[in-house]
1. When you scan the stretch 242-252, do you find a residue that is over 20 Å from the mean Cα position of the chain (by Cα) and in the same structural domain as GLN129 (by TED's automatic domain parsing), even just one?
2. From LEU60, LEU49, LEU97, which residue is more than 30 Å from ASP142 (Cβ to Cβ) and of a type in the set (A, V, I, L, M)?
3. Among all residue pairs at least 6 apart or on different chains, which show Cβ distances below 9 Å where the first residue, located in the stretch 12-37, is closer than 20 Å to GLN66 by Cβ and outside the structural domain of TRP51 (by TED's automatic domain parsing) and the second is among the hydrophobic types (A, V, I, L, M, F, W, C) and modelled with pLDDT of 85 or more?
4. Out of all the residues in the stretch 35-48, which are modelled with pLDDT of 85 or more and not in a loop (DSSP other than H, G, I, E, B)?
5. Which of the residues spanning the stretch 1-29 are of a type outside the set (D, E, K, R) and exposed (fewer than 15 other Cβ atoms within 10 Å of the Cβ)?
6. Go through the stretch 13-32 and give me each residue that's within 12 Å of THR3 (Cβ to Cβ) and assigned to a helix (DSSP H, G or I).
7. Any residue at all in the stretch 81-90 that's outside the structural domain of LEU10 (by TED's automatic domain parsing), part of a helix (DSSP H, G or I), among the basic types (Lys, Arg) and modelled with pLDDT of 75 or more?
8. Being free of Cβ contacts under 8 Å to residues at least 40 places away in the same chain, assigned by TED's automatic domain parsing to the domain that holds ILE264 and not in a helix (DSSP H, G or I) narrows it down to one residue among ARG184, ARG205, ARG176; which is it?
Amino acid sequence: MFTVGEFSRLAQVSKRLLRYYDEIGLLKPIHTEPLTGYRYYSAEQMSHLNWILALKELGLSLDQIQRMLSDNVSTDEIQGMLLLKKAEIEQQLQGELKRIRNIETRLQSIRNAEAGKPLDVIIKQIPAQPVLSVRLVVESFDVGMAILRQIRTALPEKSPYGLCFLICHDDDIVERDMDLEMGRLIEAKTHPPVPLHGDLQLRFRELPAVATMATTVVKGALETIHTGYAEIGRWAEVNGYRFAGTPREITLQAPQASDGRDLITEIQFPVEPVRLPLAAVLHWGGPQFPLLAAAAVLHIIGANGVTVAGNIPLNNKLAKIEVSQLPEAEADQIRKEFQGPGTPWMRLHAVRTLAAIAATALVFIVCLSKGLSK
């Protein structure tokens, strides 16, 4: 037999805990001295204590533990409960690690912006791309990733099958009920459907061509993908572009590490140049606003206004004469009267050209001032 102190040291629990378990009848000493009140425990009671501690770690209350011990729950049953608890804790741990990586990458984005790090964005012209894909609404992003793993398994890593891709068709960033399209690029003009688990099938289709695609490459787990989108956003604002379609995510390298840190993704975002009036609005209150506003006025009044008010009416008059039906000499004379040197048409054309040049020069000054400020 062992004293309370000895049993406490052997079991690696406090004497106070043993006294409390004795008081509530959960673990009684094997012997108590009537005169001194000293309590003694047996080594055989160690298993009973371990059961109590294991069930407590599973989240059960002491009352629940007492009832379970009274019902003689088997070791296998407790082992099953322990495995379920272990899986739950591991899932919670993975969620916490994802949050930590997300915080780290957002802090790094802040540092890059503060340091004026060059924006690593490349403009590409993307042709129409044949793909094998499936589009569906998934309960969560993890479900979507499971389907993407099915796609990798269903199609061999060889020609004609290319890189995997993912497109989120939602207008907003949502965490549940996500409208995802997943699949692989393919070098073929047609392909039969490819079955996946359940009723899912990969079907052949063609992603449309994009004349101007802003692209950047992100290295790291999916929690870091937001850094690439932020990079494209800053680049678009600095260079006078706006978004013109749904972005695509191309997997250049599938992850091998359990935390996905070796994943390499190319983000492709359709863009188009921002028109000068919109550029001025986007820079409202900023140091470049006066120059961009002046450029917008020149563009609207000088270029578009002159065209609408002068050039189009003159061209309409010329078209009504049906010059093509006149003798060549007479037709040339009429053209000179409308479009020759010193004519209203040429003066309006000169105004329009100068307005366009002035607007372009102002935009160039804005871009130059941004570059110098960095």
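The values are calculated or read from the model by the stated rules, or taken from the named source; none is laboratory data. No experiment lies behind these values; they were computed from the predicted model shown. Quick reminder, even Gly has a Cβ in these numbers, built from the backbone with ideal geometry, and neighbours come from all protein chains shown.
1. no
2. LEU49
3. Short answer, once both residue conditions are applied: none.
4. Scanning the stretch 35-48 gives ARG39, TYR40, TYR41, GLN45, MET46.
5. The answer is MET1, THR3, GLY5, LEU10, GLN12, SER14, TYR20, ILE24, GLY25.
6. Within the stretch 13-32, LYS15, LEU18 qualify.
7. yes
8. ARG176
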